[in-house]
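The values are calculated or read from the model by the stated rules, or taken from the named source; none is laboratory data. Small disclaimer: the values here were computed from a predicted structure and weren't measured. In this analysis, Cβ positions are derived from the backbone assuming ideal geometry, glycine residues included, and neighbour counts consider all displayed protein chains.
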Amino acid sequence: MIAIQILNGLVYGSLLMIVASGLVLIYGLRRVVNFAHGSLFMLGAYIAYAASLQFGFGGGLLAAVAALAAVGFCLDRFGFRLLQDRDPLTVMLVTFGLLLVFEDVVQSIWGKQSYSLAAPEALQGTVDLFGSPFPVYRLAIVAVGALVAACLVGWLRYSRIGLFIRGASTDPVTTAMQGVNTDRLSGGVVAVGAALAGLAGVVSGPFLSLSPTMGSDILIDSFVVVVIGGLGSFAGAFVAAMILGQVQALGAVYLPDLAALLPFALMTAVLIWRPSGLSGSRV
Amino acid sequence: MKTRKIGHILVAAALAALCGSALAQAKEPVRIGIVNSQSGGFTAQGEDSLRGMQFAVDEANAAGGAAGRPVEVQIGDDESTPEAGRRVAEKFARSGYNLLVGPIASSISLALGQNLQRWDALYVSTLSKSDRITGDACNARMFQANHSDAMDLAIVQPWLKENAKEKRFAILANDYVWGRDSAESFTKAVQKLGKEVDVTLYAPTGTKDFAPYIAQLKNSGAEAVWVALVGRDLIAFAKQAAEFGLTTSKRIIGHAYIMNFVVKATEGATDGVWGVMNYAPEIDTPKNKAYVAAWRKKFGRDPNENEVAGYNGIQVILQGVAKADSVKPTAVAAALKGATLETVWGQATMRAEDHQLVKPNYFGRVKRVGGELRPVIETAFDASIVAATPSNCKL
């Protein structure tokens, strides 16, 4: 029973990790607390739904990731870049406005009812784990989460662009002075961040329902992750997502009366004892 | 001289006729304020119920109005919150649209109820299920045209007695007033039959991943699970329960579960789920048959429970106006009190003691009918069983 619950926590944690890593990327480079991230998550799920009707789940996944990367690029080019000298609060308000706009756009195209995105044929069904059936699709989510984490770490640690990104997120001005085109870099990074939000949206489609407000729901949990982990830190977001997944799964079993409160209690505790998050300010 | 006299009479008669028709035309229109959830948590249900209301209004106007009065509506967004709902309703009531109808959440209905006297308005609830509407918060100007929670729960025990072989049950409910009330009533019903509730779980509203709860339900010794979840939580649970094979290993019985919008949003995940149902298109009354036929003609499909609820709410108001031959809220309220109304469920009484519209209620199951998955009535309960609930309302 406890093994199953830990696995359950791992599944939800992986999902949160994918969403939160996009938030961290965007914050790292642009210092933008991106409230629109939730709506990118939702947009990804809807685009995948529409495309999957024609091309199946795989086609939907590709379409959503590609479309969201494009949206992310435009968001940076025509949004964040123009606003980079403004007060951070102004930019935050703009992203909040975008959240509402995206929700309305989706609502006017697909209506207010809920939709369901079917899991790919090959991942439907269950396997026996610890003596009870466990959905294969959920194991796949853990795998996708691990893959995303590995790719991001590899990209940031070992590639030349990764070096630039780490440099720019520590000090954008100095990095630019060294000859790095930080604007172009940001365009790419925000595109990747948005694509990750889209990916998370698609992946969560088969077990959540698609509704225009699904983005705001997940956004709260992702912000809790980012705050606990430390804004702008990957390792922090990764650890915090896993902790939060476990807190939700085990809290529901052992402290049911406090289950809804636990993530926020944890966040408050971190803010009091380590205001910069678990990882401090390391990238 | 004589011809002049006849001339006078003719002129007088013509004048009288003119006045008469002028009077008929001057019959005040029925002005209805629709307080609708167009944003926030209840938008999907809000959209459905509004479609039903609009249909009822169009139908009445096409038939020459309600007792000769044209029906006019204004529609506003209650943002799914009591504050916004109260604001919109007040604006409507003060601009003459004082026959109110529409919100989904009981909290909004109760907020309107408190102010009806002050606004000189009347309110008919169409989807708010709280017992308080006809209980301690009841009001001479407020009516509940939908099935209340008490009515839904009243049929659980008789149904369990006749239809459930299971001895041990589990409960999963949303952690707020409605979910807790539902869980407690179900526990009482089960215990009265000498059966047991093994485990009761409360999930916070807004839960996205139900896996931890599903694992506990599967591990419990219960043979059936009573589920009282709402909105997106319910849809997420339905999908995940099927994913984990809970739906096939234990019987799922839902409080407000087997509704069309849930079945549609979950792609086969609700197949075989049991539960309380308030409406199905196959209900065999002349009014329902006519309604379903007209609906199919316009929309090419059957109406769902939210659409019917909206339709019925408008009809209750219009029948009240016709009976009162007035659009004054106090007159309409007096006419509705204790009145027998024509509904899609057959003739129904607006109970004078608490303003609850008393009608039959149903237990059913989600099944495939002609290739389409939808809730189907298995057992119908007469209005007399449903209505046995006493109330603490002082009107």
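Within region A:76-118, the residues that satisfy the criterion of being touching a Leu at 6+ places or on another chain (Cβ under 8 Å) and farther than 15 Å from A:Met42 by Cα are A:Gly79, A:Thr90, A:Val91, A:Val94.
Condition check ((1) modelled with pLDDT of 95 or more; (2) out of contact with any helix residue (DSSP H, G or I) (no Cβ under 7 Å at 6 or more places or on another chain); (3) over 30 Å from B:Met259 (Cβ atoms)) across all residues:
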| residue | (1), (2), (3) |
| --- | --- |
| B:Glu28 | no, yes, yes |
| B:Leu50 | yes, no, no |
| B:Gln54 | yes, yes, no |
| B:Arg87 | yes, yes, no |
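Tell me, please, whether a residue that is surrounded by fewer than 19 Cβ atoms within 10 Å (Cβ to Cβ), modelled with pLDDT of 95 or more and either out of contact with any strand residue (DSSP E or B) (no Cβ under 6 Å at 6 or more places or on another chain) or at positive phi (or both) can be found in region B:97-107. Checking region B:97-107: not a single residue is surrounded by fewer than 19 Cβ atoms within 10 Å (Cβ to Cβ), modelled with pLDDT of 95 or more and either out of contact with any strand residue (DSSP E or B) (no Cβ under 6 Å at 6 or more places or on another chain) or at positive phi (or both). Check region A:138-161 and report whether any residue there is modelled with pLDDT under 90 and under 23 Å from A:Tyr46 (Cα atoms). Taking every residue of region A:138-161 in turn, none turns out to be modelled with pLDDT under 90 and under 23 Å from A:Tyr46 (Cα atoms). With region B:136-231 as the region, which strands (runs of 3 or more DSSP E) entirely inside it contain at least 2 residues that are within 14 Å of another protein chain (Cβ to nearest Cβ) and touching a Ser or Thr at 6+ places or on another chain (Cβ under 9 Å)? The qualifying strands (runs of 3 or more DSSP E) are B:168-174, B:196-203. Within region A:98-121, being assigned to a helix (DSSP H, G or I) and over 29 Å from B:Asp48 (Cβ atoms) holds for one residue alone: A:Glu121. Just one residue in the set B:Leu357, B:Leu341, B:Leu373 is in contact with a helix residue (DSSP H, G or I) (Cβ under 6 Å, 6 or more places away or on another chain), in a strand (DSSP E or B) and either of a type in the set (D, E, K, R) or farther than 14 Å from B:Pro281 by Cα (or both); that residue is B:Leu341.
The residues listed here are B:Ala294, B:Ala331, B:Ala335, B:Ala290; of these, the one that is part of a helix (DSSP H, G or I), surrounded by fewer than 24 Cβ atoms within 10 Å (Cβ to Cβ), more than 21 Å from the chain's Cα centre (by Cα) and modelled with pLDDT of 95 or more is B:Ala331. Within region A:246-256, the presence of at least one residue that is surrounded by fewer than 13 Cβ atoms within 10 Å (Cβ to Cβ), more than 19 Å from the chain's Cα centre (by Cα) and of a type in the set (Phe, Trp, Tyr) is confirmed. Scanning region B:128-137 for residues that are out of contact with any Gly (no Cβ under 8 Å at 6 or more places or on another chain) and not β-branched (Val, Ile, Thr) gives B:Ser128, B:Lys129, B:Ser130, B:Asp131, B:Arg132, B:Gly135, B:Asp136. Would you tally the residues in region B:209-230 being over 25 Å from the mean Cα position of the chain (by Cα) and either surrounded by fewer than 22 Cβ atoms within 10 Å (Cβ to Cβ) or in the same structural domain as B:Ser107 (by TED's automatic domain parsing) (or both)? Of the residues in that region, 8 qualify. For region A:127-159, a residue qualifies if it is in a helix (DSSP H, G or I) and either within 14 Å of chain B (Cβ to nearest Cβ) or more than 21 Å from A:Ala235 (Cβ to Cβ) (or both), and the qualifying residues are A:Val136, A:Tyr137, A:Arg138, A:Leu139, A:Ala140, A:Ile141, A:Val142, A:Gly145.
Each residue in region B:344-354 was checked for being closer than 21 Å to B:Pro286 by Cα and either among the aromatic types (Phe, Trp, Tyr) or outside any strand (DSSP E or B) (or both), and 2 pass.
Among the residues making up region B:154-164, those that are surrounded by fewer than 21 Cβ atoms within 10 Å (Cβ to Cβ) and free of Cβ contacts under 8 Å to residues at least 40 places away in the same chain are B:Gln157, B:Lys161.
Regarding B:Gly64, is this residue outside any strand (DSSP E or B) and small (Gly, Ala, Ser)?
Details: outside any strand (DSSP E or B): yes; small (Gly, Ala, Ser): yes.
Considered against the rule, which asks whether it is outside any strand (DSSP E or B) and small (Gly, Ala, Ser), B:Gly64 comes out as yes.
In the condition set (1) more than 30 Å from B:Ser95 (Cβ to Cβ); (2) modelled with pLDDT of 95 or more, B:Val358 is compliant with all but (2). Filtered by the rule that a residue be within 14 Å of another protein chain (Cβ to nearest Cβ) and within 15 Å of A:Asn34 (Cα to Cα), region A:210-250 gives A:Gly215, A:Ser216, A:Asp217, A:Ile218, A:Leu219, A:Ile220, A:Asp221, A:Ser222, A:Val224, A:Val225. Scanning region A:56-97 for residues that are assigned to a helix (DSSP H, G or I), over 20 Å from the mean Cα position of the chain (by Cα) and exposed (fewer than 14 other Cβ atoms within 10 Å of the Cβ) yields A:Gly56, A:Phe78, A:Pro88, A:Leu89, A:Thr90.
Being without any contact (Cβ under 8 Å) to a residue 40 or more places away in the chain and of a type in the set (A, V, I, L, M, F, W, C) is the filter; apply it to region A:163-207 and report the residue that is surrounded by the fewest Cβ atoms within 10 Å (Cβ to Cβ).
Residues of region A:163-207 that are without any contact (Cβ under 8 Å) to a residue 40 or more places away in the chain, as a first pass: A:163-164, A:167, A:171, A:173-181, A:184.
So of that shortlist, the ones also of a type in the set (A, V, I, L, M, F, W, C) come out as A:163-164, A:173, A:176-177, A:180.
Numbers: A:Leu163: 14, A:Phe164: 22, A:Val173: 8, A:Ala176: 15, A:Met177: 10, A:Val180: 18.
Across region A:163-207, the extreme among qualifying residues is A:Val173.
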